[in-house]
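The values are calculated or read from the model by the stated rules, or taken from the named source; none is laboratory data. Keep in mind it's a predicted model, so treat the numbers as computed, not measured. Every residue, glycine as well, gets a Cβ built from its backbone with ideal geometry; the counts of neighbours run over all protein chains shown.
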Amino acid sequence: MSVELETVVIGAGQAGLSTAYHLRRRGLVPHRDFVVLDADAGPGGAWQHRPPTLTMAMVHGFHELPYAPLPDFTPEQSARDVLPDYFAAYERENELPVLRPVRVSSVEEADDGSGRLLVSAHDGSQLLTRTVVNATGTWTRPFVPRYSGAERFRGRMLHSAAYRGPEEFAGKRVVVVGGGASAIQILAETAAVAETLWVTRRPPVFREERFAPELGRAAVAMVEQRVRAGLPPSSVVSVTGLAPSPALLRARELGALNRLPMFDRITEHGVAWADGHEEAVDAIVWATGFRAAVGHLTPLGLREPGGGIRMAGTQAAADPRVHLVGYGPSASTIGANRAGRAAAVAIDRYLQGHPGASAPAGQVLARAR
């Protein structure tokens with residue numbers, strides 16, 4: 001059995017909640033016109049999965065949800081405590097219709113000729129909707145590059161998404177791979193208790209000045225150009241560089257920023273370069289980023305030959321019923337806020353231009369199950 005709605009938002013992180021807030025402001029009725037489906041058991045998006053050692057003082061570039069200042073906190077408080085509580089309060093105070101845990105398995109064309117989309121969840125429930133906003137972010141798709149010999153490595157290998165603090169590396173040799181904020185954060189913590197090596201594909205660009213708005217605009221423009229061409233979004237670190245964050249200053253103080261070029265292969269006991277140089281290490285931490293979690297949209301055929309989803313603003317260029325927020329140029333927290341508003345405006349206009357029957361009231365997924 002299915003339930004009809006005007007729109008379904010998939011994901012309740014920053015981009016999903018921003019979208020839901022602006023949908024409400026534009027007159028859509030929670031649980032009748034739209035719902036937000038969240039795969040997690042509780043509020044907070046990716047923040048609830050961050051390591052407990054990430055304090056609010058170390059959080060890199062967080063922007064508040066629309067019209068919701070952060071409550072008072074101390075710099076020493078863990079981000080995975082403060083920010084999920086903040087998200088939970090935002091959902092309650094704005095009466096956002098978040099249903100969880102609901103993990104979406106697919107979005108496809110309904111087979112009844114109605115022009116609606118069928119959203120299916122892993123528990124067997126289904127929703128019919130006129131539009132979809134995908135706000136699933138990247139956290140569930142950590143990226144680890146393939147290197148020869150990885151299967152023979154006897155030490156510990158993990159992605160930064162699985163990092164829970166430096167304690168397990170005390171007294172060991174650790175190689176941290178990656179040139180972004182996550183790598184710097186891990187170096188800043190781990191170098192205090194372990195011997196660290198830092199490896200990146202490209203030489204890092206250190207900026208002594210704080211992050212400037214024009215750098216942000218340049219980074220967004222670069223990513224937007226890629227998604228408009230149907231290419232997968234890329235890292236923006238090469239544009240923004242590494243600003244003097246508390247984590248970077250701490251890593252520098254510990255002498256952890258002596259960068260090495262990318263190794264060529266992984267050995268049984270460490271890593272090796274093409275020139276024959278080898279380093280024995282006990283652990284490899286891949287701070288190598290994430291990929292967009294959009295596999296459930298595959299049935300819609302949105303991907304371009306270049307591997308990405310071509311975008312026009314927040315809209316998938318191939319289907320005006322589908323919007324992606326927190327994707328590509330809107331992947332930052334400030335970008336997610338703006339994209340949520342833009343998606344809500346575009347959906348409102350689409351619905352007004354394509355009138356249909358109102359969705360029934362009631363408990364949405366309770367009826368669908």
Practice prompt. With the condition kept exactly as written, say whether any residue in segment 81-94 is under 24 Å from V132 (Cα atoms), assigned to a loop (DSSP other than H, G, I, E, B), in the same structural domain as A135 (by TED's automatic domain parsing) and touching a residue at least 60 places away in the same chain (Cβ under 8 Å).
Written response: yes
Practice prompt. Consider A181 carefully, then state whether it is surrounded by fewer than 23 Cβ atoms within 10 Å (Cβ to Cβ), in the same structural domain as V271 (by TED's automatic domain parsing) and either touching a His at 6+ places or on another chain (Cβ under 7 Å) or without any contact (Cβ under 8 Å) to a residue 12 or more places away in the chain (or both).
Written response: yes
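Is segment 18-38 home to any residue that is crowded, with 23+ Cβ neighbours inside 10 Å and in a loop (DSSP other than H, G, I, E, B)?
The first filter runs over segment 18-38 and keeps only residues crowded, with 23+ Cβ neighbours inside 10 Å, leaving 18-20, 23, 34-38.
When the remaining residues are screened for being in a loop (DSSP other than H, G, I, E, B), the result is 38.
Yes: one or more hits.
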Response to the item:
In the set L17, L23, L28, L5, the lone residue that is over 15 Å from the mean Cα position of the chain (by Cα) and under 19 Å from T136 (Cα atoms) is L23
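Checking the condition within 15 Å of L254 (Cβ to Cβ), out of contact with any His (no Cβ under 8 Å at 6 or more places or on another chain), in contact (Cβ under 8 Å) with a residue 12 or more places away in the chain and not in a helix (DSSP H, G or I), which residue from V176, V199 passes? Outline the logic, then answer.
Working: V199 fails: within 15 Å of L254 (Cβ to Cβ).
Step by step, each of V176, V199 is checked, and only V176 is within 15 Å of L254 (Cβ to Cβ), out of contact with any His (no Cβ under 8 Å at 6 or more places or on another chain), in contact (Cβ under 8 Å) with a residue 12 or more places away in the chain and not in a helix (DSSP H, G or I).
In this structure, is A218 modelled with pLDDT under 70, surrounded by fewer than 15 Cβ atoms within 10 Å (Cβ to Cβ) and at negative phi? Before the answer, list the steps.
Details: modelled with pLDDT under 70: yes; surrounded by fewer than 15 Cβ atoms within 10 Å (Cβ to Cβ): yes; at negative phi: yes.
The answer is yes for A218.
Out of A256, A292, I need the residue that is in contact (Cβ under 8 Å) with a residue 24 or more places away in the chain, small (G, A, S), farther than 19 Å from A183 by Cα and part of a loop (DSSP other than H, G, I, E, B). Which one?
On the way: A256 fails: farther than 19 Å from A183 by Cα.
Matching residue, one of A256, A292: A292.
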